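Each remark here refers to the structure printed beneath this line.
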Amino acid sequence: MSRLEQTSKRVIAAFAVFLVIFIGVVDFATGLELHLMFFYLLPIALVSWFVNRRTGILIAALCTLTWLLANHVGGLRYSSDLITLWNFSMRAAVSIVIA
């Protein structure tokens, strides 16, 4: 049994939330030209593997919202709200598939 498997599910979930916040801050700090989607997938996979799929989907939703917030606060504006909705939906879909 690995060390991660022996760790409490709550601790893993809390660590994943911390990771999402950290990645969101880094995403904001690096600006709009760098895409960090791969890094957002790491806490989703971690939680889905070691906690459960339901919690993985919740972390996926948190990642998608964090990405949207980081880009919005960073100044990203699309020509249409439909584009924002489309990009949000595509990120959410990929994240949920990983979960």
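Please treat every number below as a calculation from the coordinates, not as lab data. Remember, it's a predicted structure, so these values are computed and weren't measured experimentally. Cβ placement follows ideal geometry from the backbone for every residue including glycine, while neighbour counts extend to all protein chains displayed.
Apply the Karplus curve 6.51 cos²θ - 1.76 cosθ + 1.60, θ = phi - 60°, to the phi angles in the range 46-57 and return the couplings in whole Hz, x for Gly and Pro.
Per residue, the Karplus-derived 3J(HN,Hα) values read 4, 5, 4, 6, 9, 10, 5, 5, 4, 5, x, 5 Hz.
Sort 6-15, 61-70 for me by packing, meaning the mean count of neighbouring Cβ atoms within 10 Å per residue, highest on top.
61-70, 6-15
Gain in length, Ser8 to Arg53, computed as 0.36 nm per residue apart minus the alpha-carbon separation, to one decimal in nm? Before the final figure, lay out each step's value.
Details: separation 45, 0.36 × 45 = 16.20 nm, distance 1.58 nm.
That pair, Ser8 and Arg53, stretches by 14.6 nm at full extension.
What is the sum of charges, Lys and Arg at +1 and Asp and Glu at -1, for the other residues whose Cβ falls under 15 Å from the Cβ of Phe38?
Numbers: positive: Arg91; negative: Asp27.
Combined, the nearby Lys, Arg, Asp and Glu give 0.
Remind me, relative contact order of the range 3-98 in percent, using alpha carbon pairs under 8 angstrom and six or more residues apart?
32 percent
Fewest to most neighbouring Cβ within 10 Å: what's the order for Asp27, Asp81?
Sorted ascending by nearby Cβ count, the order is Asp81, Asp27.
Can you match Rg and Dmax of the Cα atoms in Å to one of these, [x] 13.9, 41; [y] 14.2, 51; [z] 15.3, 58, based on a calculation from the structure here?
[y]
Using the Karplus curve 6.51 cos²θ - 1.76 cosθ + 1.60 with θ = phi - 60°, what ³J(HN,Hα) values do you get for each residue of the range 5-18, in whole Hz, with x for Gly and Pro?
5, 7, 6, 4, 4, 5, 5, 4, 5, 5, 4, 5, 4, 4
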